[in-house]
1. Under 9 Å by Cβ, and 6 or more places apart or on different chains, what pairs join a residue from the stretch 11-26 that is hydroxyl-bearing (Ser, Thr, Tyr) with one that is in a helix (DSSP H, G or I)?
2. Could you please give the count of residues in the stretch 183-222 that are crowded, with 19+ Cβ neighbours inside 10 Å and part of a strand (DSSP E or B)?
3. For Glu156, all conditions in the list (1) at pLDDT 95 or above; (2) under 30 Å from Leu85 (Cβ atoms); (3) not assigned by TED's automatic domain parsing to the domain that holds Val41 hold save one; what is the number of the exception?
4. If I ask for residues that are farther than 18 Å from Leu150 by Cβ and of a type in the set (A, V, I, L, M, F, W, C), which ones from the stretch 67-99 would you list?
5. Go through the stretch 53-68 and give me each residue that's under 18 Å from Glu197 (Cβ atoms) and either among the charged types (D, E, K, R) or surrounded by fewer than 19 Cβ atoms within 10 Å (Cβ to Cβ) (or both).
6. Could you tell me whether Glu26 is loosely packed, with under 14 Cβ neighbours inside 10 Å and outside the structural domain of Asp259 (by TED's automatic domain parsing)?
7. Can you tell me which of (1) touching an Asp or Glu at 6+ places or on another chain (Cβ under 8 Å); (2) under 17 Å from Gln182 (Cβ atoms); (3) at pLDDT below 95 is the one Leu288 doesn't meet?
8. Would a scan of the stretch 93-106 turn up a residue that is surrounded by 17 or more Cβ atoms within 10 Å (Cβ to Cβ), touching a Gly at 6+ places or on another chain (Cβ under 6 Å) and touching a residue at least 60 places away in the same chain (Cβ under 8 Å)?
Amino acid sequence: MSDAAPRSQTAVEVASQPDVWEWAIEHTREAEGLPSRGERVAVVGCGTSWFMAQSYAALREAAGHGVTDAFTASEMPAARTYDRLVAISRSGTTTEIVQLLAATTVPSVLLTAVGSGPAAAHAGHEIVLDRADESSVVQTRFASTALLVLRASLGEDLAPVVADARAALTAPLEQTWVEADQISFLGTGWTIGLAHEAALKLRESSQSWTESYPAMEYRHGPISIAQPGRVVWVFGPSPDGLAGDVRATGAELVTSELDPLAHLVLLHRLAVARSEARGLDPDTPRHLSRAVILD
């Protein structure tokens, strides 16, 4: 009989990501409603889904597919004109998403884990990623799967990304990361959204002090909190000179050759480890529920 503690549901869902990603790539190959090249697009979400929207928007514009803006659903400018609205909502019940889809006349598509929900009733198309659904409150595999599907729609070859995610599941988790009293996350371009999401993930799961910034902005003030015992985690390439500046503070710099989305999988593992190290339950974060439904 094993004395090992049972894995949290969050840990199980984190570990399932490469398999779920492979399923999603095949499942959505003929999906309808995603933006066409040249369309002017708005992408919306709340919380984690907003950060995935930011990453997709940056990727789509950089790939030359057209103007793409990301907004939290409650702050989308009503006066702007778009050809398509992409909404991301794990539950399909989030109040702000439902209200926005109900009010818009823009052709829309909803990415969700739960089909035929309140938001779907107002969306022109619905892409249901049901195998990416989660029991845990803290989002991991739905968010990463939604972004992967959106990357696939841009024509990316994602087989190497899936392979990197498998590598991230067995990569070492340094104890210094688990014990760090503060972690700052940095990104450039599309990985800025990942940096914001990583910071949120540790706040949600382990009540950690985290911050996130565009990497080039880090030296314009935020570096002042860097010191021994703290970590600066970079998604994607590190700007010239940043590594030396961080090391001069005594903080630990974390970079990776993995695809940044796979690097986020490593961060998901760290979120679970930090939660457990603090005596918390990663499946039941403080003050949070699976979906925000306003009265």
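The values are calculated or read from the model by the stated rules, or taken from the named source; none is laboratory data. Owing to the predicted nature of the structure, the values given are computational and were not obtained by experimental measurement. Every residue, glycine among them, receives a Cβ derived from its backbone with ideal geometry; neighbour counts consider all protein chains shown.
1. From the stretch 11-26, the pairs are Ser16/Arg131; Ser16/Ala132; Ser16/Arg141.
2. 8
3. If we test Glu156 against (1) at pLDDT 95 or above; (2) under 30 Å from Leu85 (Cβ atoms); (3) not assigned by TED's automatic domain parsing to the domain that holds Val41, just (3) comes out false.
4. Of everything in the stretch 67-99, those that are farther than 18 Å from Leu150 by Cβ and of a type in the set (A, V, I, L, M, F, W, C) turn out to be Ala78, Ala79, Val98.
5. Matches in the stretch 53-68: Arg60 only.
6. Numbers: loosely packed, with under 14 Cβ neighbours inside 10 Å: yes; outside the structural domain of Asp259 (by TED's automatic domain parsing): yes.
Taking the combined requirement at face value, the residue satisfies it.
7. (2)
8. Looking for residues that are surrounded by 17 or more Cβ atoms within 10 Å (Cβ to Cβ), touching a Gly at 6+ places or on another chain (Cβ under 6 Å) and touching a residue at least 60 places away in the same chain (Cβ under 8 Å), one finds at least one in the stretch 93-106, hence yes.
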